[in-house]
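**Student:** Before anything else, here's the structure in question.
The values are calculated or read from the model by the stated rules, or taken from the named source; none is laboratory data. Owing to the predicted nature of the structure, the values given are computational and were not obtained by experimental measurement. All Cβ positions, even for glycine, are placed from backbone atoms using ideal geometry, and neighbour counts span all protein chains on display.
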Amino acid sequence: MKRQKNNRWIIIYGIIVALLVTLHYVIDLAFFDRWEAYVPIVKKLSLSLFLIALIFLISRIIAKFVSNHDYLEGDRYNLLRIIRFLSIVFSLIVVTSFVFQNLLAAAVSFGLISLVIGFALQAPIASFIAWIYLILRRSYLVGDRIQIKDFRGDVVEISYLDTSILECSGDYLGNDRMSGRVIRFPNSMILREEVINYSGPQIPFIWNETAIQVAYTSNLHYLETCLLKAAKEDFNKRYPQIAEHNYEHWHPAVYFRNNQYAWMEAVISYPVEPKDTTERRNRILRLALPMLNADPEKVQFPEGVRR
């Protein structure tokens, strides 16, 4: 749908460019001599509109190339934003040049206007500068799960002044599921707060852990074997392409620790995609608990009066 829309705009801008070029030269015909006083301004106006249409035509062509290229979703989003911003800037320069008739006056006026706006709009300008920083530094991209201050969620939009995320956890949830709320914060916040990025192209996983309470008399070796088997089986099924390479640094691990209620905790630590934390924990438990319950002599859980 987006590609069809982009192609439609390319055709529209192409037609406008052709019409404006035609108008620019047709106006010199003798037929328009009776309106000789208006011919110069019409020629300048047609030239200015031609340049603006040409700028947007070129931006649409470049945007089509970017959309068809195999970029990461976040990189593609940022490139399209930059293209749109540059097309607006160049169009404003053309408009200013037309109003002030020459580039020197336009540059001086643009500088004075920028100075006045700079004092009046410090906060939005700081957010815009932070947007440029985001583009260059790539602290996070669209699709990443981030945490900044007390906000945590998946980035869905990075505009020139603010960032929008789909909140996970939040005030009403105790897990990593989506809360259904959208959080928008100014981009300038990244210049004064630490940003935690849970995802990225080089590191597809984060590490998570799930604890199970067992008695000290349990067979720890059997318990460890069952938990590792469940975690590896789910990993191989969920991420078969990665499992084929047998990456050792993604192997799960089990460790044991004391619990404040006089029970021992068996903790399985495993890699998981940030958006799959809750579901992966559930899948591991569904695989591990039947194996552990199958031999109650080796694995004893808190139950009844022994809880």
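**Student:** Which of the residues that make up the range 263-307 are in a loop (DSSP other than H, G, I, E, B), in contact with a Pro (Cβ under 9 Å, 6 or more places away or on another chain) and either outside the structural domain of P240 (by TED's automatic domain parsing) or of a type in the set (A, V, I, L, M, F, W, C) (or both)? So that I can check it myself, show each step before the final result.
**Tutor:** Kept after step one, since they are in a loop (DSSP other than H, G, I, E, B), are these residues of the range 263-307: 263, 273, 294-303, 307.
Applying the additional criterion that residues be in contact with a Pro (Cβ under 9 Å, 6 or more places away or on another chain) yields 263, 273.
W263 - this is the single residue of the range 263-307 that is in a loop (DSSP other than H, G, I, E, B), in contact with a Pro (Cβ under 9 Å, 6 or more places away or on another chain) and either outside the structural domain of P240 (by TED's automatic domain parsing) or of a type in the set (A, V, I, L, M, F, W, C) (or both).
**Student:** Just to be sure, is A253 farther than 30 Å from I129 by Cα, small (G, A, S), touching a residue at least 12 places away in the same chain (Cβ under 8 Å) and surrounded by fewer than 18 Cβ atoms within 10 Å (Cβ to Cβ)?
**Tutor:** On the way: farther than 30 Å from I129 by Cα: yes; small (G, A, S): yes; touching a residue at least 12 places away in the same chain (Cβ under 8 Å): yes; surrounded by fewer than 18 Cβ atoms within 10 Å (Cβ to Cβ): yes.
Taking the combined requirement at face value, the residue satisfies it.
**Student:** Sticking with this one: Report, ordered by the first and then the second residue, all pairs with beta carbons closer than 8 Å, sequence separation of six or more or different chains, a first member in the range 227-247 that is closer than 14 Å to R280 by Cα, and a second member that is loosely packed, with under 11 Cβ neighbours inside 10 Å.
**Tutor:** none
**Student:** All but one of (1) more than 19 Å from N6 (Cα to Cα); (2) surrounded by fewer than 17 Cβ atoms within 10 Å (Cβ to Cβ); (3) at pLDDT below 65 hold for Y71; state the number of the condition that does not hold.
**Tutor:** (1)
**Student:** What pairs come out if I take residues in the range 37-50 that are farther than 25 Å from I12 by Cα and pair them with residues that are at pLDDT 80 or above and surrounded by 15 or more Cβ atoms within 10 Å (Cβ to Cβ) whose C-beta lies under 9 Å away, six or more apart or interchain?
**Tutor:** From residues that are farther than 25 Å from I12 by Cα, there are no pairs.
**Student:** Something else about it: Out of the range 194-229, which residues are over 30 Å from V155 (Cα atoms) and either touching a Pro at 6+ places or on another chain (Cβ under 9 Å) or among the aromatic types (F, W, Y) (or both)?
**Tutor:** Q213, V214, A215, Y216, Y222, L227, L228
**Student:** Here's a follow-up. From the list Q260, Q241, which residue is at pLDDT below 90, exposed (fewer than 11 other Cβ atoms within 10 Å of the Cβ) and part of a helix (DSSP H, G or I)? Reasoning before the result, please.
**Tutor:** Working: Q260 fails: part of a helix (DSSP H, G or I).
When all the criteria are applied, what remains is Q241.
**Student:** Need at least 2 residues that are surrounded by 13 or more Cβ atoms within 10 Å (Cβ to Cβ), modelled with pLDDT of 85 or more and among the acidic types (D, E) per element, so show me which strands (runs of 3 or more DSSP E) inside the range 89-208 make the cut, counting only ones lying wholly within it.
**Tutor:** Hits in the range 89-208: 151-158, 162-168.
**Student:** Name every residue in the range 211-231 that is assigned to a loop (DSSP other than H, G, I, E, B) and buried (at least 16 other Cβ atoms within 10 Å of the Cβ), in order of residue number.
**Tutor:** Narrowing the range 211-231 to residues assigned to a loop (DSSP other than H, G, I, E, B): 215-219.
Of everything in the range 211-231, just one residue is assigned to a loop (DSSP other than H, G, I, E, B) and buried (at least 16 other Cβ atoms within 10 Å of the Cβ), namely S218.
**Student:** Given the condition closer than 25 Å to I83 by Cα and not assigned by TED's automatic domain parsing to the domain that holds K275, answer yes or no: does some residue in the range 166-175 qualify? I'd like the intermediate steps shown before the answer.
**Tutor:** Within the range 166-175, the first condition is being closer than 25 Å to I83 by Cα, and the residues that meet it are none.
No.
**Student:** So which of R8, R3, R34 ends up being among the basic types (K, R) and either modelled with pLDDT of 80 or more or under 21 Å from F98 (Cα atoms) (or both)? Talk me through it step by step, then tell me what you get.
**Tutor:** Working: R3 fails: either modelled with pLDDT of 80 or more or under 21 Å from F98 (Cα atoms) (or both); R34 fails: either modelled with pLDDT of 80 or more or under 21 Å from F98 (Cα atoms) (or both).
After applying the criteria, what remains is R8.
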